[in-house]
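Every number here is computed from the coordinates shown, using simple stated rules; none is lab data. Being a predicted model, the structure only gives us computed values, none of them experimental. Cβ placement follows ideal geometry from the backbone for every residue including glycine, while neighbour counts extend to all protein chains displayed.
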Amino acid sequence: MRIGLIGLGRIGAFHAETLSKNDHVDQLLVTDAAPGVAEATAATFGATPVSSVDELLASGLDGVVIASSTPTHLALLRAAVAAGVPTFCEKPVAEDPYVVGDLIEAVQRSGTAVQIGFPRRFDPSFVAAKAALDAGELGWLTTIRSTTMDPAPPPAAYVAGSGGIFRDCAIHDFDAVRWATGREVTEVYATGSNRGEAFFADAGDVDTSSALLTFDDGTIGVISNTRYNAQGYDVRLELHGSAGSVAAGLDDGLPLRSADPEVHFPAGPAHAFFMDRFAEAFRIEIDTFLRVASGQQTSPCTITDGLEASWIAEACTRSLREHRPVRLDDVRPAP
Ligand SMILES: NC(=O)c1ccc[n+]([C@@H]2O[C@H](COP(=O)([O-])OP(=O)(O)OC[C@H]3O[C@@H](n4cnc5c(N)ncnc54)[C@H](O)[C@@H]3O)[C@@H](O)[C@H]2O)c1
């Protein structure tokens, strides 16, 4: 397959390595807006540098991966879909879901496959947790908890442009709980606090947040996030059911110390960063996209899925600001 890759920063370079090692990829073509980056990445991974996105999309690709900065996603998605190239796009679909306009209709009209990047859907422990629920082993869900605690805050400039903790970080939790339950969130109630560096408050953001979600079947979701968890990168998905409970992320790398005497779990070392915790999930995700691009399966995470996670983030952002529960129907525009 001839695969294109747009954006060669932190995550793009990781995808470049994955794609260059994949047996199904005969040629990898890469481009980046920053001068010299495509040439350097191409030299590292045996890829072909291309000077522009237009040139890349016109080069007869079997699929394209968009891994550029968030504000570019919408225009690049439109261009890739218009060119009829099967597309993988990193989350989020758009910086602002209110400006997505007719993109979903354009995707449906063109019949072009689009997969949005939410790697937790491919993590073996997350997959096993969902499988236990789907097999009926847990009975009915009382509560689903999703946790993402970053070891250290991103730079102040990143925070200022991130859209806030719900759009930037918790969006992974929102997608994970929708995907695991197969249900839709109807209402949220969010809160947050700032006890760390001042640049979070300066940006109108919080460094720690929590959100209560109500699903359409009555399940309760509890989402917990912070930018200050120096013990390590803590990501867990816990499904508590009437007949059983299961957790993903409860491994020896869990950055949590038991206070119980004689308990030596987790044994460590703690997960340090999302790249090491989810390396395998990222690889499976890209492998899955290659099957989507070659028509062997449908997209496991559609543009509609990607946007729904964004609507939950919008509702939580509004709930935090207005200090009240917010219904999803009140943030999502009428069809
Ligand atoms: N799925 C995940 O877990 C995950 C993890 C990290 C990042 N992301 C997403 O991936 C995207 C990239 O994040 P990152 O951390 O790699 O950012 P980054 O800033 O490290 O890299 C972005 C790259 O895109 C390039 N770029 C910007 N505009 C471009 C354009 N118009 N055409 C071509 N290249 C362009 C930049 O020059 C840069 O090299 C973001 O949208 C982010 O939300 C997803």
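Could you give the size of the charge dipole of the chain about its Cα centre, using +1 on the Cβ of each K and R and -1 on the Cβ of each D and E, expressed in debye and rounded to the nearest 20?
Charge dipole of the chain: 160 debye, to the nearest 20.
Can you compute the modelled spin-label distance between E17 and S52, with each label point 7 Å from Cα toward Cβ, in nm?
Reported label-point gap for E17 and S52 is 3.2 nm.
So between H264 and Q297, what do we pick up on full extension, going 0.36 nm a residue minus the alpha carbon distance?
So the extension gain works out to 7.6 nm.
With only alpha-carbon atoms counted, please give the Rg and Dmax of the chain, in Å.
Both quantities, over Cα of the chain: 20.0, 63 Å.
Arranged by the count of other C-beta atoms within 10 angstrom, fewest first, what order do R78, R291, R324 take?
With the fewest neighbours first, R78, R291, R324 line up as R324, R291, R78.
Any idea which of A170, L133, F199 is furthest toward the positive side of the dipole for region 103-205, if Lys and Arg beta-carbons carry +1 and Asp and Glu beta-carbons -1?
L133
I'd like the FRET efficiency for T44 and R257, computed as 1/(1 + (r/R0)^6) with the beta carbon distance as r and R0 of 35 Å, rounded to 0.05.
Using R0 = 35 Å, I get an efficiency of 0.35.
Arranged by the count of other C-beta atoms within 10 angstrom, fewest first, what order do T304, T317 take?
Least crowded to most crowded, the residues run T304, T317.
Between A157 and H323, what is the label-point separation in nm under the 7 Å Cα-to-beta-carbon projection?
3.5 nm
Can you tell me what the convex hull of the Cα atoms of region 21-138 projects to on average, as an area in nm²?
9.8 nm²
Where does the charge balance sit around A156 when Lys and Arg score +1, Asp and Glu -1, over other residues with C-beta under 14 Å from its C-beta?
Once positives and negatives cancel, what remains is -4.
If I take every Cα pair under 8 Å that is 6 or more residues apart in region 2-112, average their sequence separation and divide by the length, what percent do I get for the relative contact order?
Rounded, it is 25 percent for region 2-112.
Can you compute the label reach from T191? Point 7 Å from Cα along the Cβ direction, backbone N cut-off under 19 Å, restricted to region 204-225.
In region 204-225, the label zone of T191 (backbone N under 19 Å from the point 7 Å along Cα→Cβ) covers 205-214, 220-225.
Order of E105, E262, E314, E55 from fewest to most other C-beta atoms within 10 Å?
Listed from fewest to most nearby Cβ atoms, that is E262, E105, E55, E314.
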